[in-house]
């Protein structure tokens, strides 16, 4: 029996293939689901042409105007010869509809996960991020939100609290640690002072970068939004503080060839990491009605999950009290 409890249940393989046909490309029947949960993304074969990647946007998440703002940003970057994967244009449009689903078609981009521990890789990453941010700083998003304490922090806290997601015996501990963590985030923002918001990739982790011999290609701007430049940098850092300092130096060596970095933003590194942790928990809760999520994240909403998040946030509170990395 087909599960019809979620809008994506209507996105059958036939519907997906017919959607591609509706653009004028002729699907050859090959369809491979790619690793994506927020949206549904497929690699599809095309008759007498290279395969393409088709992204079906989650119903109700973004307005058409917000999606088109993302498309315009990637087209602007591609027009500056910055290696991003922008959607294809059909009949003058990048956003298509079929059977009630909105979708975009992208050229397939080959590549591998970047190896940040290899000499020169982080510097090259920084160089291209500097170019992206130099363009991103020229104007603002109008339809897309800003990453800040309210949108990622308090809104996520409130959603989790109102949904009663936690086991009863952990509610008090969670509420306490989240309030403390958000207060520490606010303190980090206060120490940083007035930080400029620019257009960002927004989710610039290694999984959204395809590395080739020519360097990085940035994909999936679905989370593009306004925010501090360091948001696109801190997710490239890993390991102990000493390792992160070396990595940051490498990134900024390339970054500042194209974009000046404001050192005060380094007060926000652990604050942004904290906001992402809280936001991620709320994201899983918001998507729990999608049958793909319980199947992919069976550990969510267990006693062990929330205990680990409480411990994680306590560690973040301690890290936010430490001096920031140095530019």
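The values are calculated or read from the model by the stated rules, or taken from the named source; none is laboratory data. All of these numbers come straight from a predicted model, not from anything done at the bench. In this analysis, Cβ positions are derived from the backbone assuming ideal geometry, glycine residues included, and neighbour counts consider all displayed protein chains.
When residues in region 10-34 are screened for being closer than 27 Å to residue 289 by Cβ and free of Cβ contacts under 8 Å to residues at least 60 places away in the same chain, 9 of them pass.
Checking 256, 260, 312 one by one, the residue that is exposed (fewer than 13 other Cβ atoms within 10 Å of the Cβ) and either free of Cβ contacts under 8 Å to residues at least 12 places away in the same chain or under 22 Å from residue 205 (Cα atoms) (or both) is 260 and no other. Residue check: residue 84 meets all listed conditions (1) touching a strand residue (DSSP E or B) at 6+ places or on another chain (Cβ under 7 Å); (2) touching a residue at least 24 places away in the same chain (Cβ under 8 Å); (3) more than 16 Å from residue 135 (Cα to Cα) but one, namely (3).
Note on region 227-327: enclosed helices (runs of 4 or more DSSP H) holding 2 or more residues that are in contact with a helix residue (DSSP H, G or I) (Cβ under 6 Å, 6 or more places away or on another chain), in the same structural domain as residue 172 (by TED's automatic domain parsing) and closer than 24 Å to residue 183 by Cβ are 231-234, 269-286, 303-320.
For region 34-48, the set of residues classified as over 10 Å from residue 20 (Cβ atoms) and touching a strand residue (DSSP E or B) at 6+ places or on another chain (Cβ under 9 Å) consists of 34, 35, 36, 39, 40, 41, 43, 47, 48, listed by residue number.
Restricting region 180-225 to residues that are out of contact with any helix residue (DSSP H, G or I) (no Cβ under 8 Å at 6 or more places or on another chain) and assigned to a strand (DSSP E or B), the residue that is surrounded by the fewest Cβ atoms within 10 Å (Cβ to Cβ) is 212. Here residue 72 meets each of (1) modelled with pLDDT of 95 or more; (2) over 18 Å from residue 41 (Cβ atoms); (3) surrounded by 15 or more Cβ atoms within 10 Å (Cβ to Cβ) with one exception, condition (3). Being without any contact (Cβ under 8 Å) to a residue 24 or more places away in the chain, surrounded by fewer than 20 Cβ atoms within 10 Å (Cβ to Cβ) and over 21 Å from the mean Cα position of the chain (by Cα) is the requirement here; does residue 242 meet it? When the stated conditions are applied, residue 242 passes them. The set of residues in region 143-179 being assigned to a loop (DSSP other than H, G, I, E, B) and under 16 Å from residue 269 (Cα atoms) consists of 147, 148.
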